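K.L.:
Pasting a structure here, questions to come.
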Amino acid sequence: MNKNIAIYPGSFDPPTNGHLDLIERGSKIFDELVVAILRNPDKDPLFNVSERVAMLEALTGHYSNVRVDTFDGLTVDYAVKVGASSVLRGIRALSDYEYELQMALMNRKLRPELETVFMMPAEKYSYVSSRLVREVAQLGGSVKGLVPELVEQNLRGKLDPAYKLAEFAPAREERSETRKSRARKKA
Ligand code: PNS
(Lines give C-alpha, C1' and ligand atoms only; values in the text may rest on other atoms or scores of the structure.)
Protein backbone atom coordinates (compact mmCIF):
# COMPACT_ATOMS: atom_id res chain seq x y z
CA MET A 1 0.00 0.00 0.00
CA ASN A 2 1.18 3.55 -0.79
CA LYS A 3 2.56 5.52 2.13
CA ASN A 4 0.66 8.64 3.09
CA ILE A 5 3.48 11.22 2.98
CA ALA A 6 3.10 14.91 3.86
CA ILE A 7 5.50 17.81 3.77
CA TYR A 8 5.41 20.56 6.37
CA PRO A 9 7.08 23.50 4.59
CA GLY A 10 8.17 26.72 6.25
CA SER A 11 10.95 29.08 7.23
CA PHE A 12 11.30 27.86 10.86
CA ASP A 13 13.48 30.84 11.78
CA PRO A 14 13.48 29.79 14.56
CA PRO A 15 11.34 26.69 15.23
CA THR A 16 8.73 27.48 17.90
CA ASN A 17 6.64 25.35 20.23
CA GLY A 18 3.76 25.98 17.82
CA HIS A 19 5.73 24.31 15.01
CA LEU A 20 6.58 21.37 17.26
CA ASP A 21 2.97 21.02 18.35
CA LEU A 22 1.99 20.80 14.68
CA ILE A 23 4.75 18.29 13.90
CA GLU A 24 3.49 16.08 16.72
CA ARG A 25 -0.09 16.27 15.41
CA GLY A 26 1.07 15.68 11.81
CA SER A 27 3.21 12.69 12.82
CA LYS A 28 0.05 11.03 14.14
CA ILE A 29 -2.00 11.32 10.98
CA PHE A 30 0.61 10.80 8.25
CA ASP A 31 2.79 7.74 7.69
CA GLU A 32 5.72 10.06 7.01
CA LEU A 33 6.13 13.77 7.65
CA VAL A 34 8.93 15.76 6.01
CA VAL A 35 9.68 19.06 7.74
CA ALA A 36 10.88 21.08 4.76
CA ILE A 37 12.89 24.25 5.40
CA LEU A 38 12.79 26.77 2.57
CA ARG A 39 16.24 27.89 1.46
CA ASN A 40 15.35 31.45 0.62
CA PRO A 41 18.27 33.53 -0.62
CA ASP A 42 16.16 36.76 -0.54
CA LYS A 43 15.67 36.66 3.20
CA ASP A 44 18.16 37.70 5.83
CA PRO A 45 17.55 34.97 8.40
CA LEU A 46 18.55 35.01 12.04
CA PHE A 47 19.55 31.33 11.89
CA ASN A 48 21.15 29.97 8.73
CA VAL A 49 19.68 26.89 7.09
CA SER A 50 22.18 24.45 8.65
CA GLU A 51 21.43 25.83 12.11
CA ARG A 52 17.69 25.40 11.54
CA VAL A 53 18.20 21.86 10.23
CA ALA A 54 20.32 20.98 13.28
CA MET A 55 17.71 22.39 15.69
CA LEU A 56 14.76 20.67 14.01
CA GLU A 57 16.63 17.37 13.76
CA ALA A 58 17.45 17.48 17.46
CA LEU A 59 13.87 18.41 18.32
CA THR A 60 12.16 15.78 16.18
CA GLY A 61 14.68 12.92 16.48
CA HIS A 62 12.32 10.92 18.70
CA TYR A 63 9.68 10.58 15.95
CA SER A 64 10.44 7.58 13.77
CA ASN A 65 8.26 8.93 10.92
CA VAL A 66 9.51 12.54 10.84
CA ARG A 67 12.53 13.77 8.91
CA VAL A 68 13.98 17.17 8.18
CA ASP A 69 15.03 18.41 4.75
CA THR A 70 15.59 21.67 2.87
CA PHE A 71 14.25 22.80 -0.47
CA ASP A 72 14.17 25.68 -2.89
CA GLY A 73 11.84 26.50 -5.75
CA LEU A 74 8.16 25.71 -5.61
CA THR A 75 6.80 23.87 -2.59
CA VAL A 76 4.55 21.77 -4.82
CA ASP A 77 7.50 20.59 -6.93
CA TYR A 78 9.37 19.59 -3.80
CA ALA A 79 6.27 17.75 -2.52
CA VAL A 80 6.02 15.75 -5.73
CA LYS A 81 9.77 15.04 -5.65
CA VAL A 82 9.52 13.37 -2.23
CA GLY A 83 6.32 11.50 -3.12
CA ALA A 84 4.08 13.54 -0.82
CA SER A 85 0.36 13.77 -1.42
CA SER A 86 -0.28 16.47 1.22
CA VAL A 87 1.09 19.80 2.34
CA LEU A 88 0.62 20.41 6.05
CA ARG A 89 0.18 23.98 7.26
CA GLY A 90 -0.85 25.43 10.61
CA ILE A 91 -3.61 27.95 11.13
CA ARG A 92 -3.42 29.81 14.42
CA ALA A 93 -6.09 32.46 14.05
CA LEU A 94 -8.45 33.91 11.47
CA SER A 95 -5.69 36.33 10.46
CA ASP A 96 -3.65 33.40 9.07
CA TYR A 97 -6.53 32.13 7.02
CA GLU A 98 -6.47 34.57 4.09
CA TYR A 99 -2.78 34.08 3.32
CA GLU A 100 -3.00 30.33 3.84
CA LEU A 101 -6.08 30.02 1.64
CA GLN A 102 -4.36 31.99 -1.12
CA MET A 103 -1.29 29.73 -0.94
CA ALA A 104 -3.36 26.56 -0.78
CA LEU A 105 -5.40 27.56 -3.83
CA MET A 106 -2.31 28.61 -5.78
CA ASN A 107 -0.66 25.30 -4.91
CA ARG A 108 -3.83 23.51 -6.02
CA LYS A 109 -3.75 25.40 -9.32
CA LEU A 110 -0.13 24.32 -9.82
CA ARG A 111 -0.61 20.70 -8.71
CA PRO A 112 -4.29 19.69 -8.35
CA GLU A 113 -3.31 16.24 -7.09
CA LEU A 114 -1.76 17.73 -3.90
CA GLU A 115 -4.00 18.40 -0.93
CA THR A 116 -3.29 21.11 1.66
CA VAL A 117 -4.16 19.96 5.15
CA PHE A 118 -4.63 22.62 7.84
CA MET A 119 -4.17 21.82 11.49
CA MET A 120 -4.53 24.05 14.54
CA PRO A 121 -1.77 24.15 17.14
CA ALA A 122 -2.74 24.13 20.83
CA GLU A 123 -4.41 27.42 21.68
CA LYS A 124 -1.65 28.31 24.15
CA TYR A 125 0.57 28.79 21.08
CA SER A 126 -2.02 30.64 19.00
CA TYR A 127 -0.14 33.94 19.28
CA VAL A 128 3.35 32.51 18.83
CA SER A 129 5.19 33.22 15.58
CA SER A 130 8.86 33.00 14.62
CA ARG A 131 8.78 36.70 13.70
CA LEU A 132 7.52 37.76 17.14
CA VAL A 133 9.92 35.39 18.90
CA ARG A 134 12.84 36.94 16.96
CA GLU A 135 11.63 40.45 17.73
CA VAL A 136 11.05 39.87 21.44
CA ALA A 137 14.37 38.06 21.87
CA GLN A 138 16.25 40.69 19.86
CA LEU A 139 14.84 43.39 22.13
CA GLY A 140 15.87 41.54 25.26
CA GLY A 141 12.50 39.99 26.24
CA SER A 142 12.03 36.44 27.47
CA VAL A 143 10.65 33.80 25.11
CA LYS A 144 10.57 31.04 27.73
CA GLY A 145 7.76 28.58 27.06
CA LEU A 146 7.29 29.79 23.49
CA VAL A 147 10.23 27.95 22.00
CA PRO A 148 11.99 24.73 23.01
CA GLU A 149 14.88 25.14 25.47
CA LEU A 150 17.41 24.32 22.76
CA VAL A 151 16.11 27.19 20.63
CA GLU A 152 16.12 29.49 23.65
CA GLN A 153 19.78 28.64 24.28
CA ASN A 154 20.66 29.22 20.64
CA LEU A 155 18.82 32.55 20.66
CA ARG A 156 20.77 33.53 23.73
CA GLY A 157 24.01 32.65 21.96
CA LYS A 158 23.02 34.64 18.87
CA LEU A 159 21.64 37.69 20.58
CA ASP A 160 23.93 38.04 23.51
CA PRO A 161 24.29 40.44 25.29
CA ALA A 162 20.74 41.89 24.92
CA TYR A 163 19.07 38.56 25.70
CA LYS A 164 21.35 37.88 28.67
CA LEU A 165 20.52 41.26 30.16
CA ALA A 166 16.81 40.39 30.14
CA GLU A 167 17.53 36.94 31.51
CA PHE A 168 19.35 38.30 34.54
CA ALA A 169 17.33 41.46 35.05
CA PRO A 170 14.89 39.96 37.63
CA ALA A 171 17.78 38.52 39.62
CA ARG A 172 19.41 41.95 39.75
CA GLU A 173 16.13 43.52 40.89
CA GLU A 174 15.77 40.87 43.57
CA ARG A 175 19.32 41.58 44.75
CA SER A 176 18.66 45.31 44.93
CA GLU A 177 15.39 44.64 46.83
CA THR A 178 17.39 42.59 49.35
CA ARG A 179 19.88 45.44 49.69
CA LYS A 180 17.02 47.93 50.15
CA SER A 181 15.33 45.81 52.85
CA ARG A 182 18.68 45.40 54.67
CA ALA A 183 19.13 49.17 54.56
CA ARG A 184 15.56 49.66 55.89
CA LYS A 185 16.24 47.24 58.79
CA LYS A 186 19.45 49.10 59.67
CA ALA A 187 17.70 52.50 59.60
O1 PNS B 1 6.96 29.63 7.48
P2 PNS B 1 6.48 30.47 6.32
O3 PNS B 1 7.48 31.57 6.05
O4 PNS B 1 5.08 30.97 6.52
O5 PNS B 1 6.46 29.49 5.05
C6 PNS B 1 6.06 29.98 3.78
C7 PNS B 1 6.35 28.93 2.68
C8 PNS B 1 7.79 28.47 2.74
C9 PNS B 1 5.45 27.74 2.89
C10 PNS B 1 6.02 29.61 1.32
O11 PNS B 1 6.68 30.83 1.23
C12 PNS B 1 6.40 28.75 0.14
O13 PNS B 1 5.76 27.77 -0.14
N14 PNS B 1 7.50 29.12 -0.55
C15 PNS B 1 8.10 28.36 -1.63
C16 PNS B 1 7.86 29.02 -2.97
C17 PNS B 1 6.47 28.71 -3.47
O18 PNS B 1 6.10 27.58 -3.67
N19 PNS B 1 5.69 29.78 -3.67
C20 PNS B 1 4.32 29.69 -4.07
C21 PNS B 1 3.42 29.42 -2.87
S22 PNS B 1 1.75 29.55 -3.30
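K.L.:
Between residue 103 and residue 126, 0.36 nm times their residue separation minus their Cα-Cα distance comes to what?
P.N.:
Numbers: separation 23, 0.36 × 23 = 8.28 nm, distance 2.00 nm.
Result: 6.3 nm gained on full extension.
K.L.:
If you don't mind, another one. Going by a ≥ b ≥ c, the root eigenvalues of the Cα gyration tensor, does the range 1-46 fall in the rounded group (a/c under 1.5), the prolate group (a/b larger than b/c) or the oblate group?
P.N.:
Numbers: a/c = 5.73, a/b = 1.75, b/c = 3.27.
Here the range 1-46 falls in the oblate category.
K.L.:
Something else: How big is the Rg/Rh ratio for the chain, C-alpha atoms only, Rh by Kirkwood, two decimals? Write out the running numbers ahead of the final one.
P.N.:
Values: Rg = 20.3 Å, Rh = 18.3 Å.
Taking Rg over the Kirkwood Rh, I get 1.11.
K.L.:
Heavy-atom accessible area per residue, the range 4-110, 1.4 Å probe: how many Å²?
P.N.:
Dividing the accessible area of the range 4-110 by its residue count gives 50 Å².
K.L.:
Alpha carbon centre of the range 52-68 versus the range 92-153: separation in Å?
P.N.:
One Cα centre to the other: 18 Å.
K.L.:
Out of the total accessible area of the chain (probe 1.4 Å, heavy atoms of protein only), what percent is carbon and sulfur?
P.N.:
Details: 5920 of 11180 Å².
Ligands and nucleic acids excluded, carbon and sulfur reach 53 percent.
K.L.:
For residue 116, enumerate residues with amide H under 5 Å from its amide H, sequence gap 5+ or separate chain, H modeled in the peptide plane.
P.N.:
87
K.L.:
Divide by every residue of the chain the summed helix terms, -39500 (n - 2.57) for each DSSP H run of at least 4, and state the resulting mean residue ellipticity at 222 nm, rounded to the nearest 500 deg cm²/dmol.
P.N.:
-16000 deg cm²/dmol
K.L.:
Also, quick follow-up: Students often get this wrong: which residues of the range 65-88 have the backbone nitrogen under 19 Å from the point 7 angstrom along Cα-to-C-beta of residue 111?
P.N.:
66-88
The values are calculated or read from the model by the stated rules, or taken from the named source; none is laboratory data. Everything quoted here is computed from the prediction, not taken from an experiment. Note that each Cβ is placed from the backbone with ideal geometry, even for glycine, and that neighbours are counted across all protein chains shown. Note: areas computed on protein heavy atoms with side chains; ligands, DNA, RNA excluded. Shrake-Rupley method; radii C 1.70, N 1.55, O 1.52, S 1.80 Å.
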